[in-house]
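The values are calculated or read from the model by the stated rules, or taken from the named source; none is laboratory data. Computed from a predicted model, the values in this text were never measured in an experiment. Note that each Cβ is placed from the backbone with ideal geometry, even for glycine, and that neighbours are counted across all protein chains shown. Areas reflect the complete protein model, heavy atoms only, side chains present, ligands, DNA and RNA absent. Shrake-Rupley method; radii C 1.70, N 1.55, O 1.52, S 1.80 Å.
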Amino acid sequence: MAILVQKFGGTSVSTPERRQQVIAKISAATKAGYSPVVVVSALGRRGESYATDTLLNLARQECPSIDSRELDMIMACGEIVAGVIVVGALKNAGFDAVFLSGQQAGIITTMKHGDAQIVEIKPVNVLKHVAEGKIVVVAGFQGATESGEITTLGRGGSDTTATAMGAAVAAAAVEIYTDVNGIMTADPRIVPAASTIESCTYEEAHQLALHGAKVIHPRAVEIAWRHNVPLKVKCTFTDEAGTTISSKAEGTIERLRDRAVVGIAHETDYGVLTLKDANSDAFAGAGRLLGKMASVGVDADHIQVSKRDMEVAASAANIETIAALGQEIGMKSAEQVGSRISLVGGSANSVSGLADTFIELLQRERIALLQTSTEPYAISGIVDKKDMTAAIQALHGRLFESQRTADRPDDGHGR
Ligand code: ADP
Ligand code: ASP
Ligand code: MG
């Protein structure tokens, strides 16, 4: 029987009522003739009793300098609690179900605590239970090294468990169930008028995720892409079709031709760091700093080195670490922090038109841009954090809502 991997996020499994809706999705998969392999996240979000952040805070309150090894062990408990509870709910509904931790499910990872990568999945146990007709529930976000050390896959990493498991068991498809209707043209918490992207390519979904669309983890998309696993993002609480992600999504050609943007992504806390080496030219300092960054495993999205100075763009958390590493080797740094907003799409390499829209629109809204940058698949700008919502809403209005109100005279703002 074909396997369908169904992943349910923290909000989806957070209450008994919501778990009933999870059971309904699993039940529908069995009725459609699939053997479901279910991946779960920890129950609820920040502030809730068994959420990942609650467990992290518990350990850090006891010991602020606790090792990442122990943090991984406490974080892994969140998905274990969720898995047992979901198996309980499945049993109550009359299903035969079994729970497997990441390690029991054969998920082998690198040794990098807090951000491990899956090296291999040996799905023997999973397939054995599937063959016995059981619904297998697997803990998301966790695995173990060859030597048995428990690891986690980086925040939001249950999505990665799902697509990697999908590839390992040659699943017919992977469905990522969450609390919104799919991948949308912007975060609906910021833009209530955002609409669901019906279909997009792996590349488009990957770029949106890389630029901060938290609805799916970029590594999850990468794995599905590499193994050509059909991928969907859907809502646990509705019957909407969601977003279908594949290599040849409908509408992509039109988007490319029309220079259209597929969506707007953002990172709330983002920064740009300018570093100068007091003793030698910037290239020498950069070489030493990049070596240090690699050794501690801190990365940046953009690095530019000139004779005069070095510029690094990264999440605010990484910027702090990089500034501290620079200081250790005598580099002076100045940082600009804010929120990064990115227009993502196949047309972003026709830079001028889109960059013009970006800059002009924000100027019209009297929103100051601290910096802009272009990449083959995206144009990004950093704005002051207080301006983030207004900037995203203005850009969304122009790029996505103006068509819907095309019969109204354009006031220049497109909304
Ligand atoms: P889960 O716990 O189900 O994994 P997440 O919180 O990780 O859920 O991801 C879902 C959230 O992602 C949504 O509630 C939404 O606010 C946010 N989000 C950010 N960008 C987007 C986007 N482009 N499309 C849909 N949701 C987005
Ligand atoms: N529970 C983990 C987190 O909060 C993993 C996930 O939700 O995907 O990051
Ligand atoms: Mg998530």
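Miscellaneous remarks
- Test: residue in the stretch 99-112 that is basic (Lys, Arg), in a helix (DSSP H, G or I) and open to solvent by 30 Å² or more (accessible area, probe 1.4 Å): no
- Residue match in the stretch 180-195 (condition: in contact with a Cys (Cβ under 8 Å, 6 or more places away or on another chain), open to solvent by 10 Å² or more (accessible area, probe 1.4 Å), within 28 Å of ILE253 (Cα to Cα) and within 16 Å of ligand 2 (Cβ to nearest atom)): yes
- Evaluation of VAL138 against the conditions (1) more than 18 Å from the chain's Cα centre (by Cα); (2) open to solvent by 30 Å² or more (accessible area, probe 1.4 Å); (3) within 16 Å of ligand 3 (Cβ to nearest atom) shows that the sole unmet condition is (2).
- Residues located in the stretch 252-270, provided they are open to solvent by less than 50 Å² (accessible area, probe 1.4 Å) and either charged (D, E, K, R) or modelled with pLDDT under 75 (or both): ARG255, GLU267
- Residue among ILE359, ILE367, ILE341, ILE329 that alone is under 25 Å from the mean Cα position of the chain (by Cα) and either modelled with pLDDT of 85 or more or crowded, with 17+ Cβ neighbours inside 10 Å (or both): ILE341
- Residues of the stretch 220-251 satisfying the condition of being open to solvent by 80 Å² or more (accessible area, probe 1.4 Å) and at negative phi: TRP225, ARG226, HIS227, ASP239, GLU240, LYS248, GLU250
- Breaking point among (1) open to solvent by less than 70 Å² (accessible area, probe 1.4 Å); (2) within 16 Å of ligand 3 (Cβ to nearest atom); (3) under 15 Å from the mean Cα position of the chain (by Cα), for LYS214: (1)
- Cβ pairs under 6 Å, 6+ apart, first in the stretch 132-143 and within 22 Å of ASP53 (Cβ to Cβ), second more than 15 Å from ligand 2 (Cβ to nearest atom) and part of a strand (DSSP E or B): VAL138/LEU100
- Residue count, the stretch 304-320 (criterion: closer than 22 Å to ASP281 by Cα and surrounded by fewer than 17 Cβ atoms within 10 Å (Cβ to Cβ)): 4
- In the stretch 18-45, residue nearest to GLU132 (Cα to Cα) [restricted to those that are within 16 Å of ligand 1 (Cβ to nearest atom) and assigned to a helix (DSSP H, G or I)]: ILE26
- Residues within the stretch 55-104 that are in contact (Cβ under 8 Å) with a residue 12 or more places away in the chain, of a type in the set (S, T, N, Q) and over 15 Å from VAL137 (Cβ atoms), tallied: 1
- Exactly one residue out of GLU146, GLU175 is touching a strand residue (DSSP E or B) at 6+ places or on another chain (Cβ under 9 Å), open to solvent by 10 Å² or more (accessible area, probe 1.4 Å) and in a strand (DSSP E or B): that is GLU175.
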